[in-house]
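S.K.: Could you have a look at this structure, given as structure tokens, before my questions?
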């Protein structure tokens, strides 16, 4: 029996279009829009001015706030404007528009650097100054995640290679093409966290990547493989910790409370590049796929690359009426502006023809209980839905609404087509607002 967690759902993978597609590098974009906020921390202050010339990897934004990280230029060229631009997560945000000079000059040469003699604080500073965040979607600053409270003992590091969202194949391709860098990065994480064992968690159905990982990890006694049952949302931190370690993260707590830290492969590669090569985060690998795009693939793109440029490189779309999602179809965000940029947390871009979407109208809840059965954190979505509809905001905390990860499993199985994710999200938003008063 393969290990897994309680609840969840089986989804069609839809990964065949890109699973065997090697990572491509498109030509340089003519311009990029780089937001000065790419996570819910403080807005970074621009360190450049309009008209100034910049180089790829140059620091262009920073904030002293501990939950913020550095922002770098992803191309060389001229700062054309600093102002409000489209943002994939916040609709609009302050950003820097840079026009490329086509030279791709680097701010610094990438070179091998020794890290073994560095302290934990020095390693964390390298990671923060390189602008590293979680690159699977959450974009939480990595230097913060790797520095839990001193009174919390971390015993395990888990590499989240599960990639449970349909369509996305970024981590799968990185495991095949850049396994050595992932393992080098894992050893850096083990040094920072001072833990003995790392587990690489991956779906048991990802045979090619599994075979490579087994071969490459044979010489590393501290790195073990955990092949898990394919299920959604197995890639969520709490679900992963339960499946791999059989440990529960307490309600309202973070993974380190269960003695574990979780990161995805691309974040680990970026940490390796920051620590060992001195390279800041200004490019990333994304999956571009779906029935609406003519040329699906896995692309290594510069941060700030516009959606319209990715569409052009990928051969265009089949139809004008298209649903475009940044991230996976279950937890991603629909986009309406072709000038929206790729940010550090963009894992993929999915193009779905509008006519393929299920637009069934909501009907009354029949109290079948399916939403309760599939909830990975054991909530009662049907009861929370009723409270939100009736605006009983003061009662939501009793139902642990803050624990909801908005995975969408409940809405997926609901026969009444109730928009449970939207209701739960609204409930979380109102509850947070009331708590601040």
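Quick note: the coordinates plus some simple rules give every number you see, no bench work behind them. If you're wondering where the values come from, they're calculated on a predicted model, not measured in any experiment. Quick reminder, even Gly has a Cβ in these numbers, built from the backbone with ideal geometry, and neighbours come from all protein chains shown.
S.K.: What distance in nm separates the simple spin-label points at residue 399 and residue 333, each placed 7 Å from Cα in the Cβ direction?
M.R.: 2.6
S.K.: Take residue 359, project a point 7 Å from its Cα along the Cβ direction, then tell me which residues of the range 316-349 have their backbone nitrogen under 15 Å from it.
M.R.: 320-324
S.K.: Determine the gain in length on full extension of the stretch residue 125-residue 253; use 0.36 nm per residue of separation and subtract their C-alpha separation, reporting nm with one decimal.
M.R.: In short, 43.5 nm is gained.
S.K.: Stick to the Cα atoms of the range 1-60, pair each with every other, and give me the Kirkwood hydrodynamic radius in Å at one decimal. Display every interim value, and only then the final one.
M.R.: Numbers: mean 1/r = 0.0575 Å⁻¹.
This gives a value of 17.4 Å.
S.K.: So what is the diffusion coefficient of the chain in µm² per second by Stokes-Einstein at 20 °C and 1.002 mPa s, using a Kirkwood Rh over Cα pairs?
M.R.: Taking Rh from Cα pairs, D becomes 95 µm²/s.
S.K.: Given a cut-off of 18 Å, what percent of all Cα-Cα pairs of the range 370-436 lie beyond it?
M.R.: Percentage above 18 Å: 26.
S.K.: Rounded to the nearest 0.05, what FRET efficiency do residue 64 and residue 90 have when you use their Cβ-Cβ distance and R0 = 22 Å?
M.R.: It comes out at approximately 0.55.
S.K.: In addition: Rg to Rh ratio, the range 306-388, alpha-carbon atoms and Kirkwood radius?
M.R.: That ratio equals 1.10.
S.K.: Moving on to the next point. Within the range 252-271, list the residues whose amide N lies under 17 Å from a label point set 7 Å along Cα→Cβ of residue 108.
M.R.: Residues 270-271 fall inside that zone.
S.K.: Also, I was wondering about something else. According to a simple spin-label model (label point 7 Å from Cα along Cα-to-Cβ), what is the distance in nm between residue 155 and residue 52?
M.R.: Inter-label distance under the simple model: 4.9 nm.
S.K.: Follow-up question, since we're still on this one. To one decimal place, what orientation-averaged projected area in nm² is obtained for the convex hull of the Cα set of the range 120-277?
M.R.: On the way: hull surface 34.9 nm².
That works out to 8.7 nm², a quarter of the Cα hull's surface.
S.K.: By per-residue mean of other Cβ atoms within 10 Å, what is the highest-first order of 216-224, 338-346, 106-114, 185-193?
M.R.: 338-346, 185-193, 216-224, 106-114
S.K.: From largest to smallest, what semi-axes in whole angstrom does the range 1-147 give when each is the square root of 5 times an eigenvalue of its alpha carbon gyration tensor?
M.R.: Sorted largest first and rounded, they come to 30, 22, 19 Å.
S.K.: To continue, here is another question. Dimensions of the range 349-403 along principal axes (Cα, Å, largest first)?
M.R.: 40, 26, 22
S.K.: Then there's this: Debye calculation, C-alpha points only, no solvent: report log10 I(q)/I(0) for the range 231-277 at q = 0.15, 0.23 Å⁻¹, in the same order as the q values.
M.R.: Evaluating at q = 0.15, 0.23 Å⁻¹ gives log10 I(q)/I(0) of -0.47, -0.81.
S.K.: How are the alpha carbon pair distances in the range 64-123 distributed across 10 Å bins from zero to the largest one, expressed in percent?
M.R.: Reading upward from the zero bin: 16, 31, 31, 21, 1.
S.K.: Follow-up. Regarding the range 298-341, what's the average projected area of the Cα-atom convex hull, expressed in nm²? Working shown, then result.
M.R.: Values: hull surface 14.0 nm².
Orientation-averaged projected area of the Cα hull: 3.5 nm².
S.K.: For the range 102-158 and the range 330-357, what is the centre-to-centre distance using only Cα atoms, to the nearest Å?
M.R.: The distance from the Cα centre of the range 102-158 to that of the range 330-357 comes to 28 Å.
S.K.: Per DSSP H run of n ≥ 4, the term is -39500 (n - 2.57); total these for the chain, divide by its residue number, and report the mean residue ellipticity at 222 nm rounded to 500 deg cm²/dmol.
M.R.: Result for the chain, helices only: -7000 deg cm²/dmol.
S.K.: Using the beta-carbon distance between residue 212 and residue 22 and R0 = 22 Å, what value does 1/(1 + (r/R0)^6) give for FRET efficiency, to the nearest 0.05? Before the final figure, lay out the partial values.
M.R.: Numbers: r = 14 Å, r/R0 = 0.63.
Approximately 0.95, to the nearest 0.05.
S.K.: So if each residue of separation counts as 0.36 nm, and I subtract the Cα-Cα distance between residue 417 and residue 300, what length gain in nm does that give?
M.R.: Length gained, residue 417 through residue 300: 38.4 nm.
S.K.: If each residue of separation counts as 0.36 nm, what is the full-extension length gain between residue 43 and residue 222 once their alpha-carbon separation is subtracted?
M.R.: 60.6 nm is the gain from fully extending residue 43 to residue 222.
S.K.: Would you kindly calculate the mean projected area, averaged across all directions, of the convex hull enclosing the Cα atoms of the range 80-178, in square nanometres? Mind showing how you got there, number by number?
M.R.: Values: hull surface 42.6 nm².
Averaged projected hull area, Cα only: 10.6 nm².
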